[in-house]
Amino acid sequence: MQQFTERENKKILICLTIYLASLFASNTLGLKIMPFVFGSHLSVAVFFFPIVFLMTDVIGEVYGKRVAKLFVRMGFISTALFLAFSLLSGFFPWAEKGLWAKESYELIFGVSGRIALASLVAFIVAEYQDVLTFFFVRAKIGPKFFWLRSLLSNLWSQLLDSALFMVIAFAGVYETKTLISIIITWWLFKVAMGFLYTPLSYLGIKLLRGNSNVNPSNQN
């Protein structure tokens, strides 16, 4: 198994920081909903969450499937811990001087068990599928056309993420027609944002590779 240099390890840690920051931004700031076309709505998370999937593609492209899967595991563990801490904090009593923030705090961080479960299931399934699909397509068409491999893997994984989260979290809350509309709208917009971020992916690959001799095919 190929070992990474100290310089490469630092680059991987920087990427992991960006990955987790994008993930937490999606899970917290994503509560804000903005208006979209034809009377539809979008969460602001659509600007951050595509970075999560693109980062695993970039890491996989440079350092291989093994490191990409490591990112997914770290993301899952971090999300699970954050949600557990959020739920735990709700059981502690409020001091009288802090009651001014109680309503807003509980509204933002009082994540229900159902939504927490939806977030974890959607993340782990979709992210693993993203990594597996990316390398499956890479095995079929070769190491060229990163943008195509990234787009194809994101098409599938983002659909899984949107569908699993909305169904687990809101089935029975929204009408089926409304639920499908939200899933399709969010899915298409997240894929579109991921495609627009593709130039940043190429920049990231260039910066990570540098003079590195890492062969991703050896990092499975």
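The values are calculated or read from the model by the stated rules, or taken from the named source; none is laboratory data. Here the structure is a predicted model, which means the values were calculated and not measured. Here the Cβ positions follow ideal geometry from the backbone for every residue, glycine too, while neighbour counts run over all protein chains shown.
Some notes on this structure:
- Residue among 17, 28 that alone is farther than 19 Å from residue 200 by Cα, of a type in the set (Ser, Thr, Tyr) and out of contact with any strand residue (DSSP E or B) (no Cβ under 8 Å at 6 or more places or on another chain): 28
- Residue pairs whose Cβ atoms lie under 6 Å apart, sitting 6 or more positions apart in sequence or on different chains, and linking a residue in region 36-57 that is modelled with pLDDT of 75 or more to a partner that is among the charged types (D, E, K, R) and not in a helix (DSSP H, G or I), are 44/32.
- Taken together, the residues in region 156-186 that are at pLDDT 90 or above and of a type in the set (A, V, I, L, M, F, W, C) amount to 4.
Matching residues to (1) crowded, with 16+ Cβ neighbours inside 10 Å; (2) at positive phi:
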{"position": "85", "(1), (2)": "no, no"}
{"position": "98", "(1), (2)": "no, no"}
{"position": "101", "(1), (2)": "no, no"}
{"position": "146", "(1), (2)": "yes, no"}
{"position": "153", "(1), (2)": "yes, no"}
{"position": "172", "(1), (2)": "no, yes"}
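Each row is one residue, and each column tells you yes or no for (1) in a helix (DSSP H, G or I); (2) among the small types (Gly, Ala, Ser).
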site: 57; (1), (2): yes, no
site: 80; (1), (2): yes, yes
site: 87; (1), (2): yes, no
site: 93; (1), (2): no, no
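- Flag if residue 148 is hydrophobic (A, V, I, L, M, F, W, C), under 25 Å from residue 20 (Cβ atoms), out of contact with any helix residue (DSSP H, G or I) (no Cβ under 7 Å at 6 or more places or on another chain) and at pLDDT 85 or above: no
- Residue satisfying all of: in region 160-203; outside any helix (DSSP H, G or I) and out of contact with any Leu (no Cβ under 9 Å at 6 or more places or on another chain); nearest to residue 42 (Cα to Cα) among these: 174
- Region 1-37, residues that are farther than 28 Å from residue 120 by Cβ and part of a loop (DSSP other than H, G, I, E, B): 1, 2, 3, 4, 5
- Hits in region 6-23 - residues which are buried (at least 16 other Cβ atoms within 10 Å of the Cβ) and either aromatic (Phe, Trp, Tyr) or under 14 Å from residue 56 (Cα atoms) (or both): 11, 12, 15, 16, 19, 20, 22, 23
- Among residues of region 70-83 being surrounded by 15 or more Cβ atoms within 10 Å (Cβ to Cβ) and among the β-branched types (Val, Ile, Thr), the one that is modelled with the highest pLDDT is 72.
- Residue check for residue 151: in a helix (DSSP H, G or I), within 14 Å of the chain's Cα centre (by Cα), within 21 Å of residue 72 (Cα to Cα) and not hydroxyl-bearing (Ser, Thr, Tyr): no
- Every condition in (1) modelled with pLDDT under 85; (2) of a type in the set (Phe, Trp, Tyr); (3) crowded, with 16+ Cβ neighbours inside 10 Å is met by residue 105 except one, and the failing one is (3).
- Any hit, region 60-69, residues being out of contact with any Phe, Trp or Tyr (no Cβ under 9 Å at 6 or more places or on another chain), crowded, with 21+ Cβ neighbours inside 10 Å and either in a helix (DSSP H, G or I) or modelled with pLDDT of 95 or more (or both): yes
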